[in-house]
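*Asks:* This structure is in structure tokens; I'll ask about it shortly.
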Amino acid sequence: MSGAAEKDQAMQLSNSASGKDRVLIFDTTLRDGEQCPGATMTLEEKLEVAELLDEMGVDIIEAGFPIASNGDFESVAEIARRAKKAVIAGLARAVSADIARAGEAVRHAARPRIHTFVSTSPIHLAHQMRKSEDEVIEIIVQTVTQARNLVEDVEWSGMDATRTPIDYLCRCVEAAIKAGATTINLPDTVGYATPDEYRAMFRAVRERVPNADKAVYSVHCHNDLGLAVANSLAGIEGGARQVECTVNGIGERAGNAALEEVVMAIRTRADVFPYETGVDTTMLTRASKIVGTATNFPVQYNKAIVGRNAFAHESGIHQDGMIKHSQTYEIMTPESVGVSKTSLVMGKHSGRAAFRSKLEEMGYRLSDNQFEDAFVRFKDLADRKKHVYDEDIEALVDERIATAHDRIKLLSLSVIAGTRGPQRATMRLDIEGRATTEEAEGNGPVDATFNAIKAIVPHEAVLELYQVHAVTQGTDAQAEVSVRLSADGRSVTARGADPDTLVASAKAYLAALNKLLARSGSRMHAQHAAE
């Protein structure tokens, strides 16, 4: 390890003024999180998420997998250029071309990192790698050395470490450190481990590997058995000082350890976890909203820390306790994660100042143009609803942010429905500045609406999910619709909200279609001439 790398690492891991060990937060929302089916983000969305992560104090941002596509390479490179404080990491398989591409992508970062990985478990070596243990050791030495020649900060991961025999895992770790790895990640790739096993694995590696003290150890846990956060905390107890996690816990299969849960567990239970992170916890709710909007993955209501019901109390016993003393049923304050205690109901007489204050309370920071657009939409909604609740505003703003760069926009929709059929939809769309109208029939009003879209913008996308729920109570509640479309092996999810369920359905379908077409790079052509 060079003097500069040693100095940087010492600064990161030194005891703070509070006397607590520092745990580094490695966010992989933009890489592992985006691998979640349907969670693909645009470049603009990735830049927004990365900027927020940097601002809130995340130590390392894994910006993507540069070899995967030109789009991934460009987003990693642009995030590397813009990052102010965080280390920017690019993922690479243990392949020369991957490592070279990752090095090129992160080279403009003030603090670049290459994160390279290779399988180590017997089942992976036999069925995926088809390599012997000695051959994999050679690969580790070659690829980590290559990465270290490009950047000073190299992370090595042993994929499926928790199903790897400890003797062989120690050999791999020793070889990686000797070749120049500064961080060693031992992931629970398939969410198989239990906390006791994971803690013991880190202790064993750190005790048995001769050069173990030359690297920082990292946890990366998947949630297949619902143990990702528990395993991550156990890994810290075993000596790890870096946690790899994602906002809202998004990720492949059942997801990853949730950043907000790890950070707040450490902060809230300091008596058990005498560590600290550099994350500004008051930004957690805002981060959750931005990632949820960008990925179009709604956060479950009872999600820990950032769920809508995380600080809600309906039981009479709980309400009585809260009235007498908040700590009877709350172990942390809403303000500590960026949630306001009050829930001011907005209406058509609410002015700009009140609306701006409400947005700030909810964690939104909009530009002047975005604010004016949101205010106009809020006023329009207030004219259609008696009361506009926080959830209504959230749906309104989130939808607008998510569709800001869409090239297909809904201008109008008229639907004929009922028992006498056939159901018919007349739709007018703006396609890259050109207005086109089409009418279509369907097996129900939703089917007719979607058929009208297909008539204007022909495509082969398959509808995998159509889901509707009410944003708030009452017959005038906004409907929030989720739509998932798939085409050419890609899957995207999008949402739309409106007091009219059919309008919300059209918005959601168009938002998903816009994402698919943006990813394919196709230019859209209306089926009919502009009117």
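Taken together, the values in this text are just the output of simple stated rules run on the coordinates, not laboratory data. The shown structure was predicted, so the numbers you read here are calculated from the model rather than taken from an experiment. Note that we place each Cβ from the backbone using ideal geometry, even for glycine, and neighbour counts take in every protein chain shown.
*Asks:* Please rank Val243, Val388, fewest neighbouring Cβ atoms within 10 Å first, as an exposure proxy.
*Replies:* Final ranking by Cβ density, sparse to dense: Val388, Val243.
*Asks:* Which whole-number percentage describes the relative contact order of the range 178-230, with Cα contacts under 8 Å and a sequence gap of 6 or more? Walk me through the intermediate numbers first.
*Replies:* Numbers: 53 pairs, mean separation 29.5, N = 53.
It comes to 56 percent, rounded to a whole number.
*Asks:* Which of the listed residues, Pro334, Leu233, Ala179, is farthest toward the dipole's positive end in the chain, when Lys, Arg count +1 and Asp, Glu count -1 at the beta-carbon?
*Replies:* Pro334
*Asks:* Right, another one. Using a simple charge model, +1 on the beta-carbon of Lys and Arg, -1 on the beta-carbon of Asp and Glu, nothing else, what dipole does the chain show about its Cα centre, in debye to the nearest 20?
*Replies:* 420
*Asks:* What ranking of Val205, Val306, Val471 emerges when the number of other C-beta atoms within 10 Å of each C-beta is taken as an exposure proxy, fewest first?
*Replies:* On the way: Val205 24, Val306 28, Val471 20.
Fewest-to-most ranking of Val205, Val306, Val471: Val471, Val205, Val306.
*Asks:* OK, next. Mind giving me the FRET efficiency for Glu441 and Lys131? R0 is 56 Å, r the Cβ-Cβ distance, nearest 0.05 is fine. Can you show the working numbers first?
*Replies:* On the way: r = 58 Å, r/R0 = 1.03.
Efficiency computed from Cβ-Cβ geometry: 0.45.
*Asks:* Follow-up question, since we're still on this one. Just tell me which aspartates and glutamates come within less than 20 Å, Cα to Cα, of Lys131; anything on the same chain fewer than 8 places away is out.
*Replies:* Qualifying aspartates and glutamates at Cα under 20 Å: Asp98, Asp160, Asp167, Glu174.
*Asks:* Any idea what the relative contact order of the chain is, in percent, if you count C-alpha pairs under 8 Å spaced at least 6 apart?
*Replies:* Numbers: 1071 pairs, mean separation 53.5, N = 531.
Averaging sequence separation for qualifying contacts and normalising by length gives 10 percent for the chain.
*Asks:* Based on Cβ point charges of +1 for Lys and Arg and -1 for Asp and Glu, what charge dipole magnitude is obtained for the range 408-520 about its Cα centre, in debye rounded to the nearest 20?
*Replies:* The calculation lands at about 200 debye.
*Asks:* Another question about this same structure. Near Phe202, within a Cβ-to-Cβ distance under 12 Å, what is the net charge of the other residues, with Lys and Arg +1 and Asp and Glu -1?
*Replies:* Taking every Cβ under 12 Å from that of Phe202, the sum is 0.
*Asks:* Summing Lys, Arg as +1 and Asp, Glu as -1, what charge do residues with Cβ under 11 Å from the Cβ of Val219 carry, Val219 excluded?
*Replies:* Local net charge: -1.
*Asks:* Which of these values of volume of the Cα convex hull per residue in Å³ was calculated from the structure shown: (i) 170; (ii) 162; (iii) 380?
*Replies:* (i)
*Asks:* Also: Report, in listed order, any pair from Lys379/Lys515; Lys84/Lys178; Lys46/Lys84; Lys46/Lys289; Lys303/Lys507 with a Cα-Cα distance greater than 21 Å.
*Replies:* As for pairs spanning more than 21 Å Cα to Cα, those are Lys379/Lys515; Lys84/Lys178; Lys303/Lys507.
*Asks:* Ordered by residue, what ³J(HN,Hα) values in Hz, to whole numbers, does the range 122-129 give under the Karplus form 6.51 cos²θ - 1.76 cosθ + 1.60, where θ = phi - 60° and Gly and Pro are x?
*Replies:* Values per residue, Gly and Pro as x: x, 5, 6, 5, 6, 9, 10, 6 Hz.
*Asks:* So for the range 408-520, considering every pair of alpha-carbon atoms, how many percent are separated by more than 21 Å? Display every interim value, and only then the final one.
*Replies:* On the way: 2169 of 6328 pairs.
Roughly 34 percent, once rounded to a whole number.
*Asks:* Would you mind pulling out the separation of the Cα centroids of the range 224-283 and the range 97-111, in Å?
*Replies:* Using only Cα atoms to place each centre, the spacing works out to 27 Å.
*Asks:* Can you find, among Leu91, Phe450, Leu465, the residue sitting farthest towards the positive end of the charge dipole of the chain, where Lys and Arg contribute +1 and Asp and Glu -1 at Cβ?
*Replies:* Phe450
*Asks:* How high is the relative contact order of the range 376-510? Use alpha-carbon pairs under 8 Å, at least six apart in sequence, and give a whole percent.
*Replies:* 18
*Asks:* Once you have all Cα-Cα distances for the range 47-117, histogram them in 10 Å bins from zero and send the whole-percent values.
*Replies:* P(r) for the range 47-117, in whole percents per bin: 26, 56, 18, 1.
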